[in-house]
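To start, the structure itself, in structure tokens.
The values are calculated or read from the model by the stated rules, or taken from the named source; none is laboratory data. What you see is a predicted model; the values in this text were computed from it and never measured. When we count neighbours, we look across all protein chains shown, and the Cβ atoms used for this are built from the backbone with ideal geometry, even at glycine. Just the protein is used for accessible areas: all its heavy atoms, side chains included, with ligands, DNA and RNA removed. Shrake-Rupley method; radii C 1.70, N 1.55, O 1.52, S 1.80 Å.
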Amino acid sequence: MNRKNFIVASAIAASLLTTTGVALSSDDDGKKSLLSWFERSTPGIDPVETRLYSKECGGCHFPYQPGLLPAATWETLMSNLDDHFGENAELAESDLNSIRNFLLNNAAGRANYGLPNKIMAAQGDRPLPPRITEMRYFVYEHSDLKRNMVEDNPQVKSFSNCDNCHQGAKQGLYDEHDVNIPGFGRWDD
């Protein structure tokens, strides 16, 4: 084996040993488990865990997890709170900065959760819309729902009312098998 191949092989071996060491970490009972590292990954999206954001934004609408939109879209939204979809949602400067930082630091493309990664991959190079309901991934995932199930449904009213149908939305879980559309029941393909 020549020197270059030896260095490459050594680097791969070191990488595998490091990964295996992490993957073979102990579970809560102290047992070694190859899957324990992977089993601890959180499905869905990072749940909202800031009281300020929940209070200020969740006081008017569902407090969307930052990973549902990319940072550029959150920045645009936070820069135009005087006209937030027809409403004045201006905040004190300190609150504005805290919430902006929370949103930008946990936005799709910056948060390593399954759903934000899917959202960004589906959007590709297309322009970023201002609404979650206009993101390509969202449109695709909801394309089989009829208007009467959501927009004409007085118990749902809008696709933006995520928690009306997604039972785990507040915890960041949007699994299609946990959807229960008011007036229509469980919805899974």
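For a test of the definition: using alpha carbon positions, the gyration tensor, and the 1.5 limit on a/c, classify segment 79-146 as rounded, prolate or oblate. Can you show the working numbers first?
Numbers: a/c = 2.65, a/b = 1.51, b/c = 1.76.
The shape class here is oblate.
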Under a Cβ-Cβ cut-off of 14 Å, what is the net charge of the residues other than GLU56 that fall near it, where Lys and Arg count +1 and Asp and Glu count -1?
-> -1
For segment 130-189, what is the largest minus smallest coordinate of the Cα atoms on each principal axis, given in angstrom and ordered from greatest to least?
-> 29, 25, 21
Keeping all protein chains in place, calculate the accessible area per residue for segment 56-189 (probe 1.4 angstrom), answer in Å².
-> 57
Output ³J(HN,Hα) for segment 52-57: one whole-Hz value per residue in order, computed from phi by the Karplus curve 6.51 cos²θ - 1.76 cosθ + 1.60 with θ = phi - 60°, and x for Gly and Pro.
-> 4, 4, 4, 6, 6, 8
Report the full-extension gain for the segment SER54 to ASP95: residue separation times 0.36 nm, less the Cα-Cα distance, to one decimal in nm.
-> 13.6 nm
Report the accessible area of TYR137, computed with a 1.4 Å probe over the heavy atoms of all protein chains in place, in Å² rounded to the nearest 10.
-> 50
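At a Förster distance of 30 Å, what's the computed FRET efficiency of ALA72 paired with GLU176, Cβ-Cβ distance as r, to 0.05? Before the final figure, lay out the partial values.
Numbers: r = 27 Å, r/R0 = 0.91.
E(calc), rounded to 0.05, equals 0.65.
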Among the GluC sites (Glu not before Pro) in segment 45-116, which ones are in a DSSP loop with at most 16 other Cβ atoms within 10 Å of the Cβ? Mind listing them?
-> GLU49, GLU90
Where N is the number of residues in segment 54-189, Cα Rg divided by 2.2 N^0.38 Å = 1.07
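Would you please calculate the Kirkwood hydrodynamic radius of segment 74-116 over all C-alpha pairs and express it in Å, rounded to one decimal? Don't jump to the answer; show the numbers that get you there.
Numbers: mean 1/r = 0.0889 Å⁻¹.
This gives a value of 11.2 Å.
Might you report the magnitude of the Cβ-based charge dipole of segment 36-189 about its Cα centre, with Lys and Arg at +1 and Asp and Glu at -1, to the nearest 20 debye?
Details: 14 positive and 23 negative charges, 40 e Å.
That gives segment 36-189 a dipole magnitude of about 200 debye.
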Can you pull the percent of segment 86-189's accessible area that's carbon plus sulfur, 1.4 Å probe, other chains left in place?
-> 46
In nm, to one decimal, how far is the GLU151 label point from the GLU134 one, both placed 7 Å along Cα→Cβ?
-> 1.4
